[in-house]
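No value in this document is a laboratory result; all are computed from the given coordinates. Predicted, not measured: the structure shown is a model, and the values here were computed from it. Cβ placement follows ideal geometry from the backbone for every residue including glycine, while neighbour counts extend to all protein chains displayed.
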Amino acid sequence: MTDQPELSVIVPFYNEEESIRGMHASIVAAVEPLGIPFEIVMVNDGSRDRTLEIATEIASQEPRAVVVNFRRNYGQTPAMAAGIEQAHGRILVTMDGDLQNDPRDIGEFLAKIDEGYDIVVGWRFNRQDKLISRKIPSMIANWLIGKVTGVPIKDNGCSLKAYRASVIKAIPLYSEMHRFIPAMASIAGPRIAEIKVRHHARQFGQSKYGLSRVYKVLLDLMVIKTVASFTSRPLLWFSVLATPLALIGLLALAFSMWHWAAVTGTLPLPVAGTGLIFLLAALILMLSGVLGELVFKLGDVREQGFSRLTMKVWGNDAATLGEVDRHA
Ligand code: UDP
Ligand code: MG
């Protein structure tokens, strides 16, 4: 590609054969009037229906459309990450491929980026999904994510977001992490804006998720907290984790002693043994933290490419975005 597009619209598709043509058409209809060079990056996430066939057909007739293909289903976040990696635009917009997000909102996202924001996130204020299985868990998750990460965003799960390419390309994405991009990026101090977006009920096919995503989101939240707050202080984090174990261990031992001295004159072995096991567990956790410190310091000394970049993004003395840009 010789001309760098101003905008890349990145859309993951997993078994969306009924939606993909409509998606492409509505993106073109919404973006063409904006009068900027753009590309559409369609990521086929190992679909087992005709999604790939249709995507390839679209791309053969439309030079602005690019297909990225996964041979098997890896999930929405890896699909997004692959699209982001392949995209050439200066501004990247991600959205769902099931026609639930509306490309007519893209113009407003670009306007916000022009105002100087680095990340613009959508808020599905009038979300068209099921109440019990979707909206309520999502409300709780958004509240929790805000509390834990300190980045209060109303709708982390909304895929419709816009980024400066240099910002998003520096953020490692895996698991279900696309929900946490603003929180992850926030460590490097970008300007984040939130705007209301349209949302439509799913017309074709089915949602690819059930309640099972809840535990994945919780685990990812823990990973983010660890990475964001403790990358350069692993011993501290492991000590925090070890504290409850050490407390239980000490309590059990104290109880055993008291029982021995004041009650029966014999040591209650099961309780004392349990206490010892808990204390040992706490010790092993702390030692893992020591190991973490060694790995961190070693990485620091060797200054290997990736770890240097991640430390720049994650470290406590987080680099400004400008610095990260040069290494990306
Ligand atoms: N998706 C994907 N890989 C997956 C699951 C989903 O690429 O393993 C895509 C899916 O095709 C859609 C978007 O991610 O374009 C959002 O998925 P879905 O509509 O099922 O999620 P929901 O809107 O129910 O949260
Ligand atoms: Mg959907």
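Given Cα positions, please report Rg to Rh for the chain, the hydrodynamic radius being the Kirkwood one. Please list the in-between numbers first.
Numbers: Rg = 24.3 Å, Rh = 22.2 Å.
Using Cα coordinates only, the ratio equals 1.09.
Would you kindly state the longest site-free stretch of the chain, with sites defined as GluC sites (Glu not before Pro) in a DSSP loop (not H, G, I, E, B) surrounded by at most 14 other Cβ atoms within 10 Å?
116-302
Name the residue from ILE106, VAL67, ALA79 whose Cα lies farthest towards the positive end of the charge dipole of the chain, charges +1 on Cβ of Lys and Arg and -1 on Cβ of Asp and Glu.
Farthest towards the positive pole: ALA79.
Give me Rg over Rh for segment 39-120, both radii from the alpha carbons and Rh done the Kirkwood way, two decimal places.
Taking Rg over the Kirkwood Rh, I get 0.98.
For the chain, modelled as a Gaussian network with Cα springs under 10 Å, which listed residue fluctuates most, ILE113, ILE168, ILE277?
ILE277
Picking from MET95, MET184, MET286, which is most flexible by a Gaussian network model of the chain using Cα springs under 10 Å?
So, out of MET95, MET184, MET286, the one fluctuating most is MET286.
Under a crude label model (7 Å from the Cα following the beta-carbon direction), how far is ARG21 from GLU53 in nanometres?
Placing both labels 7 Å beyond Cα along the Cβ direction yields 1.3 nm.
In terms of Cα to Cα distance under 23 Å, which lysines are near enough to LYS112, apart from those fewer than 8 places away along the same chain?
The reachable lysines, counting only those whose Cα sits under 23 Å from LYS112, are LYS154, LYS161, LYS169, LYS196.
Of LEU144, LEU221, ILE277, which is farthest on the positive side of the dipole of the chain, counting Cα position, with +1 on Lys and Arg Cβ, -1 on Asp and Glu Cβ, and the Cα centre as origin?
Working it through, the farthest residue towards the positive pole turns out to be ILE277.
What nm distance separates the two modelled labels at LYS169 and TYR215, each placed 7 Å from Cα along Cα→Cβ?
Inter-label distance under the simple model: 3.8 nm.
Using r as the Cβ-Cβ distance of VAL271 and SER239, and R0 as 22 Å, what FRET efficiency do you calculate, to the nearest 0.05?
0.30
Treat the count of other C-beta atoms within 10 Å as a stand-in for reagent exposure and order ASP98, ASP114, ASP49 from fewest to most. If you can, show how the numbers build up before the last one.
Numbers: ASP98 26, ASP114 9, ASP49 15.
Least to most surrounded, the residues fall as ASP114, ASP49, ASP98.
Report, in debye and to the nearest 20, how large the dipole of the chain comes out about its Cα centre when Lys and Arg carry +1 and Asp and Glu carry -1 on their Cβ.
Magnitude of the dipole: close to 920 debye.
Arrange the following residues from fewest to most other Cβ atoms within 10 Å of their Cβ: ASP45, ASP220.
On the way: ASP45 27, ASP220 20.
So the residues, fewest neighbours to most, are ASP220, ASP45.
With a 10 Å cut-off between alpha carbons and a GNM built on the chain, which of VAL120, VAL227, VAL214 moves the most?
Result for the chain, Cα springs under 10 Å: VAL214 fluctuates most.
Mind checking the full-extension length gain between GLN203 and LEU283? Use 0.36 nm per residue of separation minus the Cα-Cα distance, one decimal, nm.
That pair, GLN203 and LEU283, stretches by 23.3 nm at full extension.
Along the principal axes of its C-alpha atoms, what lengths does segment 1-49 span, in descending order and rounded to whole Å?
Principal extents (largest minus smallest coordinate, Cα): 34, 22, 11 Å.
Which whole-percent values make up P(r) of segment 34-171 when all C-alpha to C-alpha distances are grouped in 10 Å steps starting at zero?
The percentages, shortest bin first, are 10, 36, 37, 15, 1.
Please name whichever of PHE13, LEU236, SER207 sits farthest to the positive end of the charge dipole of the chain, dipole taken about the Cα centre and charges placed at Cβ: Lys and Arg +1, Asp and Glu -1.
LEU236
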